[in-house]
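The values are calculated or read from the model by the stated rules, or taken from the named source; none is laboratory data. In this text the structure is predicted, and so the values were computed from the model without any measurement. FYI the Cβ positions are ideal-geometry reconstructions off the backbone, even for glycines, and counts take in every protein chain you see.
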Amino acid sequence: MNWDFAAILVLLLLVSGLIWLFDLLFLARNRPPKLEDEEDNMPFLIDLARSLFPVFLVVLVLRSFVFEPFKIPSGSMMPTLLVGDFILVNKFSYGIRLPVVNKKVIDIGEPERGDVVVFRYPEDPTIPYIKRVVGLPGDQIVYDVLDKVLYINGEQIKQEFVSSYLATGSGSYMTGANHHIESLGEVKHDILVIPDRFSGGEYQQMTLPEGQYFVLGDNRDNSKDSRYWGTVPEENLIGKAFFIWMNWDGGVSWKRLGSVIN
């Protein structure tokens, strides 16, 4: 078991629930009745467990089955996501999973091409990663490292040059990169490329097995993604990123608050 926040929540829920249940079954019957003007005579530990149990339960349900917050620590998804963005992830987009064991119990949907997804890094599942899905199971993927162009099932994915990128804050090192709009079917999104930089990786061409997804960072020349460590298994998916509720990178970036993630 990985002792992440979900596991700690489950443990706290179990301990507080057992303390409360033990009191109801064995201790409460022997406790003198409380008089009208008397303070509650319940022991502190039991009162604390009774008060915190519903809090732990609500937080666990919301975090496990509805939404989970994450903070963006790097520039690998620039310009879509910036360092310091605080995002919300829809936990039920790709099915309901039990907390801690991450077993899917209700199948709701699967990732679509262009989704920005949070997942457990295949080489170390304790680390959450965020990238964009470009390849679905069965797709043939080719990434041209010289022209910075993606091919899916033999079709070149269209890119449109926008401008030279002007970055700020912790991402200022990307100033001067080429800002393109890439079209993944109906999903149009921003990417950054550096024409003179070679971004190789071991997996520049592959056909995706069943249940496997090919993901790329929008900051194509500053992202360690499926080109380097391979595909993301379906069971590693956490959810779909959809909303930026805060940005803090030495200060609040007010214009990013409330942004929808495309």
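So here's what we get for this one:
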quantity	calculated
Verdict on residue 232 being under 19 Å from residue 70 (Cβ atoms), surrounded by 21 or more Cβ atoms within 10 Å (Cβ to Cβ) and aliphatic (A, V, I, L, M)	yes
Which numbered condition residue 249 fails, given (1) surrounded by fewer than 18 Cβ atoms within 10 Å (Cβ to Cβ); (2) over 22 Å from the mean Cα position of the chain (by Cα)	(2)
Filter result for residue 68 (out of contact with any Leu (no Cβ under 6 Å at 6 or more places or on another chain), closer than 28 Å to residue 234 by Cβ, among the acidic types (Asp, Glu) and part of a loop (DSSP other than H, G, I, E, B))	no
Counted residues, region 49-81 - those being touching a helix residue (DSSP H, G or I) at 6+ places or on another chain (Cβ under 8 Å), surrounded by fewer than 18 Cβ atoms within 10 Å (Cβ to Cβ) and not hydrophobic (A, V, I, L, M, F, W, C)	2
Candidates 240, 224 - the one that is within 30 Å of residue 151 (Cα to Cα), modelled with pLDDT of 95 or more, of a type in the set (Lys, Arg) and surrounded by fewer than 20 Cβ atoms within 10 Å (Cβ to Cβ)	224
Selection status of residue 82, more than 30 Å from residue 251 (Cα to Cα) and either at pLDDT below 95 or not in a helix (DSSP H, G or I) (or both)	no
Meets criteria (touching a residue at least 12 places away in the same chain (Cβ under 8 Å), among the aliphatic types (A, V, I, L, M) and surrounded by fewer than 21 Cβ atoms within 10 Å (Cβ to Cβ)) for residue 136	yes
Index of the failed condition, residue 111 passing every other in (1) in contact (Cβ under 8 Å) with a residue 40 or more places away in the chain; (2) surrounded by fewer than 20 Cβ atoms within 10 Å (Cβ to Cβ)	(2)
Checklist (1) exposed (fewer than 12 other Cβ atoms within 10 Å of the Cβ); (2) among the hydroxyl-bearing types (Ser, Thr, Tyr); (3) assigned to a loop (DSSP other than H, G, I, E, B) applied to residue 94, failing item	(1)
Answer from 14, 45, 27, 21 - the residue that is among the aliphatic types (A, V, I, L, M), in contact (Cβ under 8 Å) with a residue 12 or more places away in the chain and surrounded by 12 or more Cβ atoms within 10 Å (Cβ to Cβ)	27
In region 125-159, residue farthest from residue 221 (Cα to Cα) [restricted to those that are at pLDDT below 95 and out of contact with any strand residue (DSSP E or B) (no Cβ under 8 Å at 6 or more places or on another chain)]	125
